[in-house]
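Notes follow once the structure below has been shown.
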Amino acid sequence: MDYLTILQILDSTVRLATPLLLTCLAGLFSERAGIVDIGLEGKLLAAAFMSGAVAYVTGSIWLGLLAGVAASLAFSMLHGLASITFKGDQLISGVALNFLAAGLTVVIGQSWFALGGRTPSLSGNGRFGEWNLPFSDAWSKIPVFGPTYNELISGHTALTYIAILAVPVSWWVLYRTRFGLRLRAVGENPSAVDTAGVSVVRLRYLALVIAGVLCGLAGTYLASLAAGFVKDMSAGRGYIALAALIFAKWRPWYALSATLLFGLLEAIGNRYQSIAIGDFVIPVQFMQALPYILTVVILAGFIGKAIPPRAGGTPYVKER
Amino acid sequence: MVSTTSQGRQTPAAPPASEPLAIELRGISKAFGPVQANKDINISVHKGSIHGIIGENGAGKSTLMSILYGFYKADSGTILINGKEVHITDSQAAISAGIGMVFQHFKLIENFTVLENVVLGAEDGRLLRPSLAKARKLLKKLSDEYELSVDPDALIEDLSVGHQQRVEILKALYRQADILILDEPTGVLTPAEADHLFRILQGLKEQGKTIILITHKLREIMDVTDSVSVMRRGEMTDTVKTAETSPEELAELMVGRKVLLEVNKAPATPGAPVLEVENLTVVDSHGVTRVKGIDLHVRAGEILGIAGVAGNGQTELLEVLGGYQNGTGTIRLKGEELDLTGSASDGQSRRARGIAHVPEDRHDEGLILEFSAWENIIFGYHHDPEYQKNALIMDNAKIKKIAREKMERFDTRPLNEKLEAKSFSGGNQQKIVLAREIERNPDLLLIGQPTRGVDIGAIEFIHEQIVALRDQGKAILLVSVELDEILSLSDRIAVMFDGNIMGERLPSETDERELGMLMAGINTGADAAQTGGA
Amino acid sequence: DPAIIFDLGGKFDKSFNESAYEGAERWAKETGGSYRDVELTSDAQREQALRRFAESGYNPVVMAGFSFATALETVAADYPDTKFAIIDMVVDAPNVRSVVFSEHEGSYLVGVAAAYAAKGDTVSFVGGMDIPLISKFACGYAQGFKSVKPEGKVIVNMTGTTPAAWNDPVKGGELTRAQKSAGSEVVFAAAGGTGLGVLQTAKDEGMLAIGVDSNQNYLQPGTVLTSMVKRVDNAVFDAFTQGTELESGINVMDLSNAGVSAAMDENNASLITEEMKAALADAEAKIISGEVVVHDYMSDESCPAY
Amino acid sequence: MQAMPKWADAVLIPLISILLAFFFSGLMIWAIGKDPVVAIQTMIQGAFGSTNGIGYTLYYTTNFIFTGLAIAVAYHARLFNIGGEGQVMLGGLGVALVCLAIDWPHWALALPAAMIGGAVFGAAWAFIPAYLQAKRGSHIVITTMMFNFIASAFVGYILLNYLKVPGSMSTESAGFSAGAHLPTFHEMLAPFGINFSKNAPANISFLIALLAAFGFWVLIWKTRLGYEIRSFGASETAAKYAGINPVRITIIAMMISGALCGLMAINNVMGEAERLIDNAPEGAGFIGIAVALMGRNHPIGIVLAALLFGFLYQGGAELTFWEAIPRELIVVIQGLVIMFTGALDNMVRAPLEKLFLALRKTKEA
Ligand SMILES: Nc1ncnc2c1ncn2[C@@H]1O[C@H](COP(=O)(O)OP(=O)(O)OP(=O)(O)O)[C@@H](O)[C@H]1O
Ligand SMILES: Nc1ncnc2c1ncn2[C@@H]1O[C@H](COP(=O)(O)OP(=O)(O)OP(=O)(O)O)[C@@H](O)[C@H]1O
Ligand SMILES: [Mg+2]
Ligand SMILES: [Mg+2]
């Protein structure tokens, strides 16, 4: 494998990891605040649809982005209503969100565009352009560094850079700010936060707002990359992000590595669909299931135990 | 014995005339669904005093204080702080009104540091580091001032309960509380730690702070409070000046009838050893050695009391004997060795060999709260052939009948075997557990905290049952953190500290002070050399 | 009235079902007639839908997709007076018309076109779900390409092995990029909704793409070289037009009767050179005459061209 | 003391929740320009208006009874099995292997064998997450979810490489032999002079599902194992105290759950398709969650809730047949039903509880 191929695989990794990373960080904020979020998949899909639809109608992906974020936020708030305000089951609420997103995107899409739930293709400003960082051409001749800079570091869309930037920002917010301290606390022991005079409900809703925004970005990224919405186009990425979150032990930097790893696995799987080891050919199905298998292996504690936030999954009920 | 009096209500703990009221609650009511936890409660506390609140379990003490602290919202009533009406809508409002509270169950984040726990909710700005730096300084000052030293960078989960409690107090002080509420603070402390706590409270009081202390221990009320309120079934029965009352009177106010505070029992006539434990060691799932190679024995017709502060290995000792914790060493029951690991070491096989076990925690272990009483009456014995209809199906009709009979013999109220366990009061729940275990007529009864969370009336009954079992020639291993209980029930007392038996005493030859020293790990007795280093 | 049943992909799949839908619409527009249609949500509904239409007197009943075969076998016998048409599969019954397409022949043609469009000697294929039908496309394509460039290379990728593979344009795009980095200049997408991502990425990456089933040239004008059109619309149109007199038996739609073709229109005119045109015409003639035999992957589940 | 009578909790709340879900579904239908009243009529007529409709409704109901019971068994042990989908898939594989292995002489022989095949495969697939949860503490929700994906890849692989008929277009196994054909309602009812639709897929599996529901009731409330499952579910620490082995119960409960999911395959794989098709469960594993929740984990409730979802499926299909309503609308309605009955039920419960308390107060006064 030559250097350029490796670079291309890494480049593909970055593209595939971007939506995973954003979704994973969304899950991180929500689960750190004690709200388990298996509705990520639904939010991703809803955001992809709305951003695709609005970007097509207005011809501007930035307006599409706003709409995608709004859709994802609406789903987030529904999740909050069910699991925070009405103290319902977070898992059930998440499952319901996924059903709603899968159905609504097509029903609405069909009634708007009559393309069977698909949006028309996006073009021009309807999609994010690639950002070429300064000097990417000039430096491209420098051996090793040049191609790396040109191929791998430069030439992604704005959302990729935002996603990568979101990692240190998330870390900083979680560990260096008052809000972060409280957010982490509310996922561990909400009644401690409550008795410290801080509103649990407010914090948890805020966490869901952040999660909604991040999922909105991820969904918009998908719509922009594929130049439009196709039904069910999230294709399980919300679940993979959830798996990556566990892998990452609910930490931002680890989330970056975990999503990059999953992205890499997919990129390799795309390029080498069946890998032959001697006479034995690893089936495609195995390559495709690998991220899931890996997650199970990690969960089994063979690579280190993942301890979720202690209050995760349980609504904060003061009075029985 | 002072007769029941209502004088207290008319002259509530007459204040030193000049001191104004720090807290005044008027007509507080609170219902949790169908349960009326507080009914029209009035209470006044003077500035710079220590005010006690006592009452049976479920009387509504914690609820009342949580309302004052803004944790719950009262259905009706008003709160006055320093004479002014305040609207305490949440804990933030309570904190601004100068109220701090140390809850019965600590409100700490286990995997945060002390410092983070202290500043949580009371940060100075949006950024964390300046707040933490400032808190570090202030914390040092506070701990010097009040003998409250804790390592600011330690994780809560690594601290002992005593230290965790200090963190809770520091949290309140850091928020500049003038009124400090402590809900059953001494349940988890050694007598020495408790004394330390009370010294701190005394110091706070001298600085003009007002303190409310909820406790079950009449002795503490008598020792440290200036005035005391008694609650029963959600109502305030009386408020009296401590100096003008007695433990007996308080007990009577609590339960509404006269209570015997002493246990009547004949001297023991011990027989052959039933339980022999040699070199027992228990390592818990975190790898911490909880029991460090102890030896003990219990003879037929004898009660061995194990005293000690919670968390010194008693729980694990009971668990190993009960079969659901692994250990190493030797345990013999009537001369036959018991398995300590593997498949023959579980609750079922222990029961089959004649060991009954009343666990320390009836809510989490002894009972399934959602199960009806009859289902709980067979809990752990559900494989008993007596309860089966055939190889597959249990004989539920018969079980119900048996359950009712057992409950009747133990005077469980209400006598309704179909009621869910959680609908019974604490005392009656404990009676269900006791009925289940004692009625099996075991050779050895393990019994942990038999009267924890049980009010004085039921304590009397439970103690009688334990003594009666002993008099039938059974061996009883009693674990309790209540020294009074240990002293009055046991025929022999062993004290556990940090996984070791610090020493053995006869109740007639020891006192609370000496036991308290042993519980704190200080052995001054004759056996110091031989067991102290074990 | 006639009726049509779409498969689980739904009638707007931008490809197979949609082509069938267009045929039905065209018929309705041209004749002013009306028809009924339904999209399935579950496998158990196939037989249900067939019977529903047959019982309600719809005739003929057309079904788009090979998955109906089993259901049709039982149903056809129960309604001897109703005519059925099944696309992409052969069902042997007196009242059934089986329409099958020679996708390998059409794919051969677009393979030839790809060979002429590519400067180098590598082209590629992105399939949807890994099923024999899709391999049939791939194999025909590879044969056509190699007939021009025998030493050339055809990279074949499938998106996945579950039905989700039809709806993952992002993955389709990634596969395309991977193929481009391996040297491919032209990519043939037979992948439903996933194919949209392929066409888009081909445009973004400066490659040429080939559409499938319906004429997809308009989707990315200027970068879609051609489309391997499968005239499902014609099959449906014919069936509807013949109405209750529908001719039963096997109806092979191949190059000779324009059942499959390489689409030419104003959207790709600039991409088609004279030389290419000539080569296509030549290949078409040879296949029709039988001089060139394109191997059908499904006949033995193997492909001599790769 | 309860705040509310039991019947209100068991009947009233689900009922109001469903009505709310239907109300919003109606809004949805209205919003896309269709008449909600006609839609409901179409659905009811389509699901219950003919023996054919009933046959389809009961066919789906059968699926959901199995998965609903499966989720409920695990739930009694406080295990949230969202891996039903994968377990059904594996069950399908098991059933198919049994049916294909032998040329069965009679369904009465084939059915028990297929039941064992489906149950064993489903249980085996549930075993791994159960074992990992019990022994290594990995979160069962995530592992079972991952196992859904893995099952799909695994069954796909087997189907494609070992079971598919060479030369066939579809990814499906060969058809089962006639001896493995299960009696349909038509065949079962004909001797009684009832002419049930010949074509509806409802078959004897429905009775097996009802038997399973009864067996569930016996297991959970009458046997020692059920007692231990419920104890473990209510309190793990108490179960340990009582000598109930948590590892054993976790594994057994999950395996029963997986077996019930696997059993579903006798309905869809053996009873309906008579071959193994890719993606055979079609979401039944997820619907089972809603069914179990709505049914309050009690067999009677589960059967009723399964019937509701069977109605939604069949009635929904009719909607797409006759009202040209996009089929995804049914997915939306399902989502709404799950949301309202599963996650938002406190929204209904809280005001009702207040109401009942107030009623009681006025009665007492
Ligand atoms: N959050 C709650 N929801 C519902 N009921 C509650 C809640 N907290 C307390 N209760 C009920 O209110 C009553 C009073 O409880 P509370 O905790 O105030 O008693 P307490 O006097 O503090 O008892 P203890 O001595 O056991 O601490 C009890 O019947 C209890 O079951
Ligand atoms: N959390 C609760 N939920 C339902 N009912 C409750 C609850 N707490 C208390 N009750 C009911 O209120 C009754 C009174 O409870 P309480 O704890 O005050 O009893 P008690 O007089 O202290 O009894 P005991 O002396 O046995 O402890 C109980 O018998 C029970 O039926
Ligand atoms: Mg009580
Ligand atoms: Mg309390």
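The values are calculated or read from the model by the stated rules, or taken from the named source; none is laboratory data. Bear in mind that the values here come from a model prediction, so they are computed numbers and not experimental data. Reconstructed Cβ throughout: ideal geometry from the backbone, glycine too, with neighbour counts over all protein chains shown. Surface accessibility is based on the protein's heavy atoms, side chains included, excluding ligands, DNA and RNA. Shrake-Rupley method; radii C 1.70, N 1.55, O 1.52, S 1.80 Å.
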Q. Dimensions of the range D:223-361 along principal axes (Cα, Å, largest first)?
A. 58, 52, 20
Q) Given a cut-off of under 8 Å on Cα pairs at least six residues apart, what relative contact order in percent is computed for the range B:360-422? A) 47
Q) With charges only on Cβ, +1 for K and R and -1 for D and E, what is the dipole size of the protein assembly as shown about its Cα centre, in debye, rounded to 20? A) 2680
Q. Under the Kirkwood approximation applied to all pairs of distinct alpha-carbon atoms, what is the hydrodynamic radius of chain D in Å?
A. 21.5
**Q.** Shielding score for D:230-240, defined as the mean number of other chain Cβ atoms within 10 Å
**A.** 6
Q. Between A:Leu133 and B:Arg513, how many nm apart are label points set 7 Å from Cα along the C-beta direction?
A. 7.6
Q) Expressed as a rounded percentage, what relative contact order does chain C have, with Cα pairs under 8 Å and six or more residues apart? A) 20
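Checking an interface number: how much accessible area is buried between D and C, summed over both chains, with a 1.4 Å probe, in Å² rounded to 100?
Counting protein atoms only, the buried area is about 2800 Å².
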Q) Which whole number gives the average count of other chain Cβ atoms within 10 Å of the Cβ atoms across peptide C:133-143? A) 0
Q. How do the peptides D:289-298, D:38-47 rank, highest first, by the average count of neighbouring beta carbon atoms within 10 Å per residue?
A. D:289-298, D:38-47
Q | MRE, 222 nm, helices only [DSSP H, n ≥ 4, -39500 (n - 2.57), over chain B, to nearest 500] | A | -9500 deg cm²/dmol
Q | Residue-count net charge about B:Thr245 - beta-carbon cut-off 11 Å; Lys, Arg +1, Asp, Glu -1 | A | -4
Q) Peptides D:253-266, C:131-144: what's the order by average Cβ count within 10 Å, highest mean first? A) D:253-266, C:131-144
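What is the local net charge at D:Gly175, summed over the other residues whose Cβ is closer than 13 Å to its Cβ (Lys, Arg +1; Asp, Glu -1)?
Residues close to D:Gly175 contribute a combined charge of -3.
Within 10 Å of each Cβ in D:195-201, how many Cβ atoms from other chains are there, averaged over the peptide?
3
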Q. Using the alpha-carbon centroid of each, what span in Å lies between the range B:376-426 and the range D:1-62?
A. 41
(Q) Threshold 40 Å², probe 1.4 Å: give the residues of the range A:217-236, in number order, that are less accessible with all protein chains present than with their chain alone. (A) A:Leu225, A:Ala226, A:Val230, A:Lys231
Q: Report the accessible area of B:Glu235, computed with a 1.4 Å probe over the heavy atoms of all protein chains in place, in Å² rounded to the nearest 10.
A: 90
Q) Ranked highest first by average number of other Cβ atoms within 10 Å, how do B:55-64, D:138-147 line up? A) D:138-147, B:55-64
Q.
Need one number: % antiparallel among DSSP beta bridges in the protein assembly as shown, to the nearest 5.
A. 45
Q.
With a 1.4 Å probe and all protein chains kept in place, how much accessible area does B:Lys134 have, in Å² rounded to the nearest 10?
A. 100
Q | Per-selection Rg to Rh, the range C:38-103 - Cα, Kirkwood hydrodynamic radius | A | 0.93
Q) Which entries in A:Lys249/B:Lys140; B:Lys140/B:Lys171; D:Lys135/D:Lys240; C:Lys119/C:Lys277; B:Lys334/B:Lys474 show an alpha-carbon gap greater than 23 Å? A) A:Lys249/B:Lys140
Q | Relative contact order (%) - criterion: Cα under 8 Å, at least six apart; region: the range B:273-531 | A | 27
Q | For chain A, the longest site-free run once chymotrypsin sites (Phe, Trp or Tyr not before Pro) in DSSP loop states with at most 16 other Cβ atoms within 10 Å are removed | A | A:136-271
Q. Where does the Debye-calculated log10 I(q)/I(0) of the protein assembly as shown sit at q = 0.03, 0.06, 0.09 Å⁻¹, using only Cα point scatterers of equal weight, no solvent?
A. -0.18, -0.68, -1.27
